[in-house]
Amino acid sequence: MTDRSVSRRVARVEPQQIRRLFDLANEHDGDDVVHLELGEPDFATPEHVVEAAVVAARGGETNYTPNAGIDPLRRAIAERARARGIDADAERVVVTTGGVEALYLTLLTVTDPGDEVVMPTPAWPNPLSQARLAGADPVEVSLSPADGFAFDADRIIEAITDRTGAVVLTSPSNPTGRVFDVSEMNRVVEAAARHDAHVVADEVYHELTYDGTPRSLAAVTDRPDRVVTIDSCSKTYAMTGWRVGWLVGPEPVTAAVTKIHESTTSCVNTPAQHAALAALTGPDGPAREMKAAFEQRRDAVVDRLREVPGISVTPPEGAFYAFVDASGLPGSSMDIAERLLFEYDVVAAPGSAFGRGGEGHVRFSFANDLERLELGVERFERMVRTETSPV
Ligand SMILES: Cc1ncc(COP(=O)(O)O)c(C=O)c1O
């Protein structure tokens with residue numbers, strides 16, 4: 001008899017490796033552990049944003065909202081998208097419970113069971129499990145560590161077939177911090193369009209780009225009807241726990257997502273939508289300061305890591321992570337992360353948590369102050385020197 005304790009769909013979802021490390025870190029009772037694993041800003045949500053939620057809740061904004069979100073927020077999101085050159089209007093915006101729900105509802109909308117979801121890795125792995133939940137099969141295209149995980153349009157295009165329902169492209173990338181060239185990404189859009197597939201452009205780190213002005217994929221493509229852009233308040237405004245994200249895309253997709261949103265969460269928490277509106281339309285000083293702090297930390301960490309022999313790192317152009325090639329050390333990336341935790345009291349994410357392409361690497365997050373970051377890198381250096389020195 002088939003075991004029906006959980007559905008086959010759910011059984012296909014593998015536990016995330018990063019969780020395993022978090023669990024080990026919780027059990028580990030080392031002194032003065034340095035946390036460099038977190039995927040969220042270590043800053044407080046700006047005061048005017050918190051205040052907007054309080055005022056909304058006190059003022060009685062505590063009912064359900066329309067499935068696609070409150071109108072002023074949808075308008076503000078459309079305006080932000082237009083400022084990035086995207087042809088957007090409020091009717092084609094859906095406010096979701098974080099970028100993660102925007103991604104999931106989009107994949108549910110544009111794929112059928114048995115379709116494939118193509119994704120270059122290393123990458124934040126949630127879309128891979130979301131694809132499985134949608135009954136689709138994830139297809140990973142491993143980018144090459146030899147060129148710092150640069151975008152490889154040809155290899156991604158090779159993976160696109162008539163079975164492809166969606167291609168997920170994340171730029172700036174978590175974990176590598178690479179910012180992909182939009183014209184190269186657009187070649188993928190054209191290939192996807194030839195096979196009636198969509199490209200899901202995950203741009204949640206767009207505002208956290210340090211070198212040059214970032215460009216949105218939907219702003220450069222001739223096939224905006226095939227591109228769905230995902231964004232969120234989480235990283236830009238230190239609002240991870242508020243859970244407000246969105247998608248902007250072609251009308252058939254946003255209409256379908258709005259329809260199924262009724263079945264998943266109905267709408268996003270109402271005071272949180274008002275907070276998001278304040279984040280998008282209020283003073284941008286706090287977000288700029290946070291970005292400047294991340295940039296300073298990036299420079300310090302990358303400079304410091306470059307002094308460590310036997311490892312290498314491609315300087316991240318965006319997001320807040322350094323993805324370090326530690327393949328010269330013994331064992332898998334999970335073994336390396338475990339030794340770093342238990343022997344050196346530093347928590348970092350194993351590269352294998354980001355798909356097949358990430359093996360041999362460790363991800364350090366800059367979501368900690370400079371002093372702790374320097375201490376973490378110093379301990380990592382001790383580990384590298386100990387493990388690579390000839391005996
Ligand atoms: C690449 C990427 N996309 C999307 C998300 C989802 O963020 P949220 O759901 O908080 O908006 C994350 C969070 O870590 C991420 O790293």
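Throughout, read-outs are computed from the coordinates displayed, never taken from laboratory work. Values in this document were obtained by computation on a predicted structure and should not be read as measured data. FYI the Cβ positions are ideal-geometry reconstructions off the backbone, even for glycines, and counts take in every protein chain you see.
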Cα convex hull of the stretch 1-129, projected area averaged across orientations, nm²
14.2 nm²
Going by C-beta contacts inside 10 Å, put ARG4, ARG178, ARG339, ARG155 in order with the fewest on the left.
ARG4, ARG155, ARG339, ARG178
What helix-only [θ] at 222 nm does the chain give? Using -39500 (n - 2.57) per DSSP H run of at least 4, over all residues, to the nearest 500, the answer is -13000 deg cm²/dmol
Once you have the Cα-Cα distance between ARG19 and THR62, take 0.36 nm times their residue separation minus that, and quote the gain in nm to one decimal.
12.1 nm
Amide H contacts under 5 Å for VAL34, placed H, 5+ residues apart:
VAL346, VAL347
What net charge is computed for the residues neighbouring ARG132, neighbours being all others with C-beta under 9 Å from the C-beta of ARG132, Lys and Arg scored +1, Asp and Glu -1?
0
The chain: radius of gyration and largest Cα-Cα distance (Dmax), Å
20.9, 69
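Find how much the distance from GLU374 to ARG9 grows on full extension, using 0.36 nm per residue of separation minus their present alpha carbon separation; answer in nm with one decimal.
Values: separation 365, 0.36 × 365 = 131.40 nm, distance 4.32 nm.
Result: 127.1 nm gained on full extension.
Give the order of LYS235, LYS259, LYS291 when sorted by the count of other beta carbons within 10 angstrom, beginning with the fewest.
LYS259, LYS291, LYS235
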Against the longest principal axis of the chain, how steep is helix 285-305, in degrees 0 to 90 to the nearest 10, with axes from Cα atoms?
30 degrees
Point-charge dipole on Cβ atoms (K/R +1, D/E -1) for the chain, about Cα centre, debye to 20
760 debye
To test your reading of the geometry: what angle, between 0 and 90 degrees and rounded to tens, separates the Cα axis of helix 17-27 from the longest principal axis of the chain?
60 degrees
Debye intensity ratio I(q)/I(0), log10, the stretch 62-281, q values 0.08, 0.09, 0.12, 0.17 Å⁻¹ (C-alpha model)
-0.25, -0.31, -0.57, -1.18
Assign unit charges at the C-beta atoms only (+1 for Lys and Arg, -1 for Asp and Glu), then state the dipole size of the stretch 62-281 relative to its Cα centre in Debye, rounded to the nearest 20.
600 debye
For the stretch 245-285 versus the stretch 310-345, the gap between their alpha-carbon centres in whole angstrom
36 Å
State the antiparallel share, in %, of DSSP beta bridges confined to the stretch 62-281, rounding to the nearest 5.
30 percent
Per principal axis, descending, Cα span of the stretch 301-391 in whole Å:
37, 30, 22
Report the antiparallel proportion of the DSSP beta bridges in the chain as a percent, rounded to a multiple of 5.
45 percent
In the stretch 73-210, if the dipole is taken from +1 on Lys/Arg beta carbons and -1 on Asp/Glu beta carbons about the Cα centre, which of THR170, ALA123, ALA78 is farthest to the positive end?
ALA78
At q = 0.13, 0.21 Å⁻¹, work out log10 I(q)/I(0) for the stretch 232-391 with the Debye formula, treating every Cα as an identical point scatterer and leaving solvent out; two decimals please.
-0.77, -1.26
Exposure proxy check on THR45, THR388: fewest-to-most Cβ neighbours within 10 Å is THR388, THR45
May I ask which residue of ALA57, ALA68, VAL10 lies farthest towards the positive end of the charge dipole of the stretch 1-128, with charges of +1 (Lys, Arg) and -1 (Asp, Glu) on Cβ and the Cα centre as origin?
ALA68
